[in-house]
1. Inside segment B:96-172, counting only helices (runs of 4 or more DSSP H) that do not spill past its ends, which hold 3 or more residues that are farther than 25 Å from B:Leu80 by Cβ and either within 14 Å of chain A (Cβ to nearest Cβ) or touching a residue at least 12 places away in the same chain (Cβ under 8 Å) (or both)?
2. With the requirement that a residue be of a type in the set (A, V, I, L, M) and either more than 17 Å from B:Thr93 (Cα to Cα) or in a loop (DSSP other than H, G, I, E, B) (or both), what does segment B:19-71 give you?
3. Within segment B:25-41, which residues are touching a strand residue (DSSP E or B) at 6+ places or on another chain (Cβ under 7 Å), under 22 Å from B:Arg75 (Cβ atoms) and within 13 Å of another protein chain (Cβ to nearest Cβ)?
4. So which residues in segment B:96-119 are surrounded by fewer than 18 Cβ atoms within 10 Å (Cβ to Cβ) and within 24 Å of B:Leu25 (Cβ to Cβ)?
5. Scan (1) within 7 Å of chain B (Cβ to nearest Cβ); (2) of a type outside the set (Ser, Thr, Tyr); (3) without any contact (Cβ under 8 Å) to a residue 40 or more places away in the chain; (4) within 16 Å of B:Ser19 (Cβ to Cβ) for the single condition A:Asp50 breaks and write down its number.
6. Failed condition for B:Ala63, given (1) farther than 18 Å from A:Gly30 by Cβ; (2) among the hydrophobic types (A, V, I, L, M, F, W, C); (3) surrounded by fewer than 18 Cβ atoms within 10 Å (Cβ to Cβ), with all others met?
Amino acid sequence: MRPFDYVRATDTEQAVAVVSADPHASFLAGGTTQLDLMKDGVLGPERLIDITRLPLAGITHTDTTVRVGALTTMEELAADPVVRERLPFVREALLLGASTQLRNMATIGGNLLQRARCRYFRDPTVAACNKRNPGSGCAAITGIQRMHAILGTSDHCIALHASDVAVPLVALDAVVHVRGANGTRSIPLTQFYLPPGDTPHIENVLQHGELITALEIPLLPETARSHYLKVRDRVSYEFALTSAGVALVIEDGHIQEVRVALGGVGTVPWRAWDAEDVLRGARAGADSFRAAAEAALEGARPLPGTAFKVELAKRTLVRTLETVAGAAS
Amino acid sequence: MKHMETEAPPTGQSPPDVSQVDITLTVNGTAHRLEIDSRVTLLDALRDHLGLTGAKKGCDQGACGACTVLVDGKRVVSCLALAAQYEDREITTVESLCPSGELHPMQEAFARHDAFQCGYCTPGQIMSAVSLIAEGRANSEEEIREFMSGNICRCGAYPNIRAAIRDVAAGG
């Protein structure tokens, strides 16, 4: 690991100012991704600004939203009574997303900013990685692709966004609140992540030094039902091959309100707008569910090692829709 | 310890050589002052600087759980934690479970059920298991299986580990 100066932040504005002014400085929160990547030599900040003592933890509620401080841990968010009751698929995604030890450490802000799990990105002895070393190529495209993306990919990068909880969060139109050197701004999560295109090293719209301070999650109507289904090689403590987060409001057998997002398939947490268009107003049932799944995967660009994901993702979505519709009717 | 208020923003300075931190870690109720490289993890601080070798280094990347300790009563993997981040927090290691030499009920249950083979993962399993019961998540076979999944046992002693936990959860 490269040597670094460790500095404990005591003031949010000052922490942002320090990191903004120093291209070699990074924020440090739960550390579960960052320290791992520093050990592997993928990241080498010269100055770590530990933000864990800043007053950015805790959950507050209004009638329509849950506001989550960026330093709230995954475990704390999963335990929130409003999340448990009104946003069960957020809770499910959190609990399926990591071991209890990691959930006790990892913050929600850090979870949203987690880096790719691509084994080529995480191995500095692999020369070709456009994310780690822009312009060097992509070893994954001709490598082992099983854990890679099929939606939102480019010829330069197929790395997956592996967050589970980001899936229901993009489905819910959650908003991140950000503080930068020039003040604050709010960014819808659906516009926060950037697909790789020809700049895979730029993963989101944050400027260097901008800090996520809070996440705002809109509540669904009380009649909504939701579910997060994760399909993986092991039954627990494993990244998704495919996953789906679905929320529905069904009245008289027809879908009044619909939220659909997919995990395990996208270079960004994947909001399935086309699937929602198919489902909105449709009769809840096998025909509309399968049509929605076809629409969701229409733009998929599988490689030989990810070809299985197309049908698996469709079946994952259909199963999730069936589960939610079963609970809602 | 560097605190931000005394710290001017950097201006084109060269990368740091080895950087030291001066911290106090509270482990099993005792405060220890340490002057260590800023890169030292909580796990290495416990093992190499405080001589508490109960927590084990397995994968060193947060995947196996052998390094599990409690921080303010909650289980964490100490290999993915910088020691400096955990100043002034209550750190509890497996060494604290039997202060007078008498085994903790969970340790006793592990021995009774032969819940290990090589034993390397055992301290982490036990710390996780103690935590699991405190979290109220040892109510069924499925629940134990799911919420212990952050602790890997390469010898495959899982059935006996679950049996030991069930025993303690049932008050045995």
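1. Hits in segment B:96-172: B:105-112, B:158-169.
2. B:Val21, B:Ile23, B:Leu34, B:Ile36, B:Val40, B:Leu50, B:Leu52, B:Ala55, B:Ala63, B:Ala66
3. Matches in segment B:25-41: B:Thr41 only.
4. Scanning segment B:96-119 gives B:Cys98, B:Pro99, B:Ser100, B:His104.
5. (3)
6. Of (1) farther than 18 Å from A:Gly30 by Cβ; (2) among the hydrophobic types (A, V, I, L, M, F, W, C); (3) surrounded by fewer than 18 Cβ atoms within 10 Å (Cβ to Cβ), only one is false for B:Ala63: (1).
For every residue, the table says whether it meets (1) over 26 Å from B:Arg89 (Cα atoms); (2) free of Cβ contacts under 8 Å to residues at least 24 places away in the same chain.
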position: A:His61; (1), (2): yes, yes
position: A:Met74; (1), (2): no, no
position: A:Pro81; (1), (2): yes, yes
position: A:Pro88; (1), (2): yes, no
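Matching residues to (1) assigned to a loop (DSSP other than H, G, I, E, B); (2) in contact with a Leu (Cβ under 7 Å, 6 or more places away or on another chain); (3) among the polar types (S, T, N, Q); (4) within 14 Å of chain B (Cβ to nearest Cβ):
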position: A:Gln207; (1), (2), (3), (4): yes, no, yes, no
position: A:Ile212; (1), (2), (3), (4): no, yes, no, no
position: A:Pro221; (1), (2), (3), (4): yes, no, no, no
position: A:Leu229; (1), (2), (3), (4): no, no, no, no
position: A:Asp233; (1), (2), (3), (4): yes, yes, no, yes
position: A:Tyr237; (1), (2), (3), (4): yes, no, no, yes
position: A:Leu248; (1), (2), (3), (4): no, no, no, no
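The values are calculated or read from the model by the stated rules, or taken from the named source; none is laboratory data. Owing to the predicted nature of the structure, the values given are computational and were not obtained by experimental measurement. We place every Cβ from the backbone using ideal geometry, glycine too, and count neighbours over all the protein chains shown.
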